[in-house]
Amino acid sequence: MISIIIPTLGQREQELFRLLDSLSKQTYTNFEVIMVSQDNHEAVEAMLKQHTFTYKHIKLDQKGLSMARNKGLPYISGDYVTFSDDDCWYPEDGLQKVMNAFLEHSSTDVICFKIHDPLIQRDYKNYSAQPKKEISRIDFLRKSSIEIFAKTHCFKNEKVLFDERFGLGSPYKSGEENIILHDLKAAGFKIAYEPTVVVYHKKREQEIVNNLDITKKGPLFIRIYGKPLGLILFHLFYLKKWNTINNPINSYKKSLTEIKEYSQTAK
């Protein structure tokens, strides 16, 4: 069985219904939904009741993406787990492809797949066409949560959890999926990559980088790679994004302040 943890504020009703509808059409039906609503609980419950798949509905009064995922983990019954967003959806054979990959690579604990935008017929990112038996430490930064599927033994006894300082609704609003891959790897789990589309998501258009987003990246690099290497990688990343940043000098100063504050609280 695959357990699908879905945090939601219940505000994107059309997108959430599209997700649930896509799950109802799966060719592989041995799955459960762990819905973690953080607002609009009645609207979310009403949508769930329109579908026949197995689900559990956890209602929280707190907000935070990583926290919601951690709250959902104790409720999973499956042998595999994934962390869905409420605005993604799945091709009809998506879950079947996941199961086929794990059956083929039985010794692998975690597999990262591909996200595709079927509306414009383009992949979500520039993915490698070649599979990898083990992803690299740099690969951690190129992954999104919805493309990650893991055997549930990886999360038994709460040895590995999402860092609740990172993710939407937290002080650092992104990077939680990159950190969880790092922590899984550090715990000794085998993480592979398969160039197979198993989930859909609308591709983001190229845009000027938000200053708030960029200033929060320093702590992410340090959390994953430690301070010396993390600082080097952050500066390389910053130089790469320089021409897409509003007021890059001012943003850089704010980034250094964020790094200093994070380093003090992480001690």
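The gain in end-to-end length when the His235 to Asp117 segment is fully stretched comes to 39.4 nm, 0.36 nm per residue minus the alpha carbon separation. The magnitude of the dipole of the chain, with charges of +1 and -1 set on the Cβ of Lys/Arg and Asp/Glu and taken from the Cα centre, is near 1100 debye.
Among beta bridges from DSSP that stay inside the chain, the antiparallel ones total about 30%. In this structure Met1 has an accessible area near 60 Å², from a 1.4 Å probe over the protein heavy atoms.
For the residue pairs Lys132/Lys203; Lys56/Lys156; Lys25/Lys97; Lys56/Lys143; Lys49/Lys143, alpha carbon separations beyond 22 Å are given by Lys132/Lys203; Lys56/Lys143; Lys49/Lys143.
Per residue, the accessible area of segment 103-179 comes to 52 Å², computed with a 1.4 Å probe over protein heavy atoms only. Measuring r between the beta carbons of Asn247 and Arg137 and using R0 = 30 Å, the FRET efficiency lands at 0.45.
Net charge near Val160, counting Lys/Arg +1 and Asp/Glu -1 over other residues with Cβ under 11 Å of its Cβ? Spelling it out: positives minus negatives among the neighbours equals -1. Extending 7 Å from the Cα toward the beta-carbon at both Asn30 and Lys203 defines two label points whose distance is 3.5 nm. Classified by the C-alpha gyration tensor, segment 70-188 has a rounded form. Its axis ratio a/c, with a ≥ b ≥ c, is below 1.5.
Considering only protein heavy atoms and a 1.4 Å probe, what is the carbon-and-sulfur percentage of the accessible area of segment 3-56? Whole-percent figure for carbon plus sulfur exposure: 44.
Projecting the Cα atoms of Tyr193, Gly169, His153 onto the dipole axis of segment 127-267, where Lys and Arg carry +1 and Asp and Glu carry -1 at the beta carbon, places Tyr193 farthest toward the positive end. Compared with the direct C-alpha span, the chain from Lys125 to Lys159 gains 9.2 nm at full extension, assuming 0.36 nm per residue. Expressed as an acute angle from 0 to 90° and rounded to the nearest 10, what is the orientation of the C-alpha long axis of helix 248-266 relative to the principal long axis of the chain? Approximately 70 degrees, to the nearest 10. Per-residue 3J(HN,Hα) values for segment 176-181, derived from phi via the Karplus relation 6.51 cos²θ - 1.76 cosθ + 1.60 with θ = phi - 60°, read 5, 6, 5, 5, 5, 5 Hz in sequence order (x marks Gly and Pro).
The values are calculated or read from the model by the stated rules, or taken from the named source; none is laboratory data. The structure displayed is predicted, hence computed values, not measured ones. Quick reminder, even Gly has a Cβ in these numbers, built from the backbone with ideal geometry, and neighbours come from all protein chains shown. The accessibility values were calculated without ligands, DNA or RNA, using every heavy atom of the protein model including side chains. Shrake-Rupley method; radii C 1.70, N 1.55, O 1.52, S 1.80 Å.
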